Amino acid sequence: MAIQLVDTLRADDYLRRLTDDTGIFQHTKFGVPDRSKGYTTDDNARALIAAVLIHKQRRDPGSLDLIHTYLSFVHHAQQEQGNFRNFMDYNRSFLEERGSEDCQGRTVWALGSALSEASVPANLHNTCRYLIREALPQLAELRSPRAIGYALVGLGLLLETPGALDYAFPYSQEEESILPHDEIAALVERWGQQLHDQYTHYRGEDWHWYEDSMTYGNAMLPWAMLKVAALTGRTDLQATARESLAFLIRHTFAPEGYFRPIGSNGWYERGGEPARYDEQPIEACETMLALLEAHHLTGEPRYRELAVACHDWYLGRNSLGVSLIDPQSGACYDGIHASGLNLNQGSESIISYSIARSVMADE
């Protein structure tokens, strides 16, 4: 237990070392932040999730400082019309007027995650509510299935958390509704139907997926469908979620039982074979979260066993049989190549490990 605590503290320290007063850096050169690559809202939004989970466990000033930093970045990224910019250079200048659809969805996931955690101070919750309210008109225009998946999880967390939609007034019982429940609920169900229809269109006898390929962020799709099914009570959506999750499990776990994500060096095209490398840390985290959602919804222990295997992928239960966690710094290596580990230790990797470790600690 003492060794595990030391490893956890090292990982948290590394997360802080990648973060300055602007936000978390996007990339590293091995273990040093690469300032030339700047920052992204994608990473700062996901870092917000990690910081909230750390604060849930620690309730310490350091984790609260991280929440402030990452949430401030997200606030600065939002445009007047509600969308979020993504790439920022080291001089704090955004390089685009609008980030990708995935960026919009991931940011809402992060804001919903922060709002679902009671230990986050009320004034920061109010900031999250404000940002989501401003983003809602833009969110309705999302078309990318993964972007919708990310946003569905975030909005689903809002709907299942009592009081999440209302402004908080500390030291009083007063509340003021800021987020429209009916509008959000209608959007969630509309998106769930949209993903269900897309799944039905592409589904075949030997292909149970939402597109003709499986690429990145695959687990977000069945995870989002599980959320919608739980919120709406629709058994047809739960059936789609469980069948697609079973398909994902079949293609991302080795016969020996360890997690083996679809590699980014080729992905998995319908009629082909899943690429075995490069394996990315974020896939282990998101698949773990989807499996835990399935376990909580159905009570089936097998889902939790597979979620533990995703967590243990970081620690050496993987295709190389080596840990991705640097024992000296607590950093997480950027992935598994056919030739070995990717020795860079960027923000997406440590964020993914931090989220996975924190969530599993509560299971």
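The values are calculated or read from the model by the stated rules, or taken from the named source; none is laboratory data. Source: prediction; values computed, not measured. Backbone-built Cβ (ideal geometry, glycine too); neighbour counts: all protein chains shown. Heads up: the accessible areas ignore ligands, DNA and RNA and are worked out on the full protein's heavy atoms, side chains in. Shrake-Rupley method; radii C 1.70, N 1.55, O 1.52, S 1.80 Å.
When only C-alpha pairs under 8 Å and at least 6 residues apart count, what is the relative contact order of the range 252-363, in percent? Don't skip to the end; give the middle numbers.
On the way: 176 pairs, mean separation 26.2, N = 112.
Once divided by the residue count of the range 252-363, the mean separation gives 23 percent.
Taking Cα centroids, how far is the range 54-117 from the range 215-270 in Å?
Each part's Cα centre sits 26 Å from the other's.
What whole-number value in Å² describes the accessible area per residue of the chain for a 1.4 Å probe? Provide the component values of the computation, followed by the final result.
On the way: 14940 Å² over 363 residues.
It amounts to 41 Å² per residue over the chain.
Taking the range 257-363 on its own, what percent of its Cα-Cα pair distances exceed 17 Å?
On the way: 2941 of 5671 pairs.
The answer is 52 percent, as a whole percent.
With the dipole of the chain worked out from charges on the C-beta (+1 for Lys and Arg, -1 for Asp and Glu) around the Cα centre, which of SER213, SER113, THR28 lies farthest toward the positive end?
Selected residue: THR28.
Which translational diffusion coefficient, to the nearest whole µm²/s, is obtained for the range 313-361 from the Stokes-Einstein equation, given a Kirkwood hydrodynamic radius over C-alpha pairs, 20 °C and 1.002 mPa s?
Details: Rh = 10.9 Å.
Answer, rounded: 196 µm²/s.
Ignoring trypsin sites (Lys or Arg not before Pro) that are buried or in helix or strand per DSSP, and keeping those with at most 13 other beta carbon atoms within 10 Å, what is the longest stretch of the chain between them?
Values: sites that count: ARG59, ARG92, ARG143, ARG270.
Segment 144-269 is the longest.
List the relative contact order of the range 68-164 as a percent without decimals, with contacts defined as Cα pairs under 8 Å and 6+ residues apart.
Working: 117 pairs, mean separation 31.7, N = 97.
Worked out over the range 68-164, it gives 33 percent.
Below 12 Å, Cα to Cα, which aspartates and glutamates can LYS37 reach? Residues fewer than 8 away in the same chain don't count.
Hits, sequence-local ones excluded: ASP89.
For the chain, what does the relative contact order come out to in percent, with C-alpha contacts under 8 Å and a separation of six or more?
Contact order relative to length: 17 percent.
Please sort by residue number the GluC sites (Glu not before Pro) in the range 237-278 whose DSSP state is loop and whose Cβ has at most 14 other Cβ atoms within 10 Å. Numbers along the way, then the final one.
On the way: sites: GLU243, GLU256, GLU269; in loops: GLU256.
For GluC sites (Glu not before Pro) across the range 237-278 that sit outside H, G, I, E and B with at most 14 neighbouring Cβ atoms in 10 Å, the list reads GLU256.
Sequence neighbours fewer than 8 away in the same chain don't count; with that in mind, list the aspartates and glutamates whose C-alpha is under 16 Å from LYS29.
Partners found: ASP326, ASP334, GLU348.
Which lysines does LYS56 reach when only Cα atoms under 30 Å apart count, and residues fewer than 8 places away in its own chain are ignored?
LYS227
Evaluated at 4 °C with a viscosity of 1.567 mPa s, what Stokes-Einstein diffusion coefficient in µm²/s does the range 17-154 have when Rh comes from the Kirkwood expression over alpha-carbon pairs?
Taking Rh from Cα pairs, D becomes 87 µm²/s.
Taking just the C-alpha trace of the range 35-106, give me its Rg and Dmax in Å.
12.8, 37
Leaving ligands, DNA and RNA out of it, report the carbon-plus-sulfur percent of the accessible area of the chain at a 1.4 Å probe.
Working: 7380 of 14940 Å².
Roughly 49 percent of what the probe reaches on the chain is carbon or sulfur.
Tell me, what is the 1.4 Å probe accessible area of TYR130, in Å² to the nearest 10?
Roll a 1.4 Å probe over it and TYR130 shows about 80 Å².
Suppose we look only past 25 Å in the calculated P(r) of the chain. What percent of the Cα-Cα pairs does that tail hold?
Details: 34193 of 65703 pairs.
So the portion of pairs separated by more than 25 Å is 52 percent.
Using alpha-carbon positions, what is the distance between the centroids of the range 349-363 and the range 315-329, in Å?
Going from one Cα centre to the other spans 15 Å.
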